[in-house]
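One structure below.
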Amino acid sequence: MRIRVKDILDLLASGANSEEILEDHPYLEADDIKAALQYAAQQMDHPVLSVA
């Protein structure tokens, strides 16, 4: 079974903690939540360009 990264982020943003998410979605592991956060952080990363 799969859950989207966005779904995990939405749960965290709404105040759910990792334990609650894992309890509601027993097919997930703690590393899955960490991986979702890491993926989201990488997607937000971008080079900062300076204009001279």
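Taken together, the values in this text are just the output of simple stated rules run on the coordinates, not laboratory data. Just so it is clear, the model here is predicted, and its values are computed rather than measured. Glycine gets a Cβ as well: all are built from the backbone with ideal geometry, and neighbour counts include every protein chain shown.
Taking the condition out of contact with any His (no Cβ under 6 Å at 6 or more places or on another chain), in a helix (DSSP H, G or I) and without any contact (Cβ under 8 Å) to a residue 40 or more places away in the chain, does Tyr39 pass?
Spelling it out, Tyr39 is indeed out of contact with any His (no Cβ under 6 Å at 6 or more places or on another chain), in a helix (DSSP H, G or I) and without any contact (Cβ under 8 Å) to a residue 40 or more places away in the chain.
Can you give me the number of residues within the chain that are aliphatic (A, V, I, L, M) and surrounded by 11 or more Cβ atoms within 10 Å (Cβ to Cβ)?
Summing the residues that are aliphatic (A, V, I, L, M) and surrounded by 11 or more Cβ atoms within 10 Å (Cβ to Cβ) in the chain gives 16.
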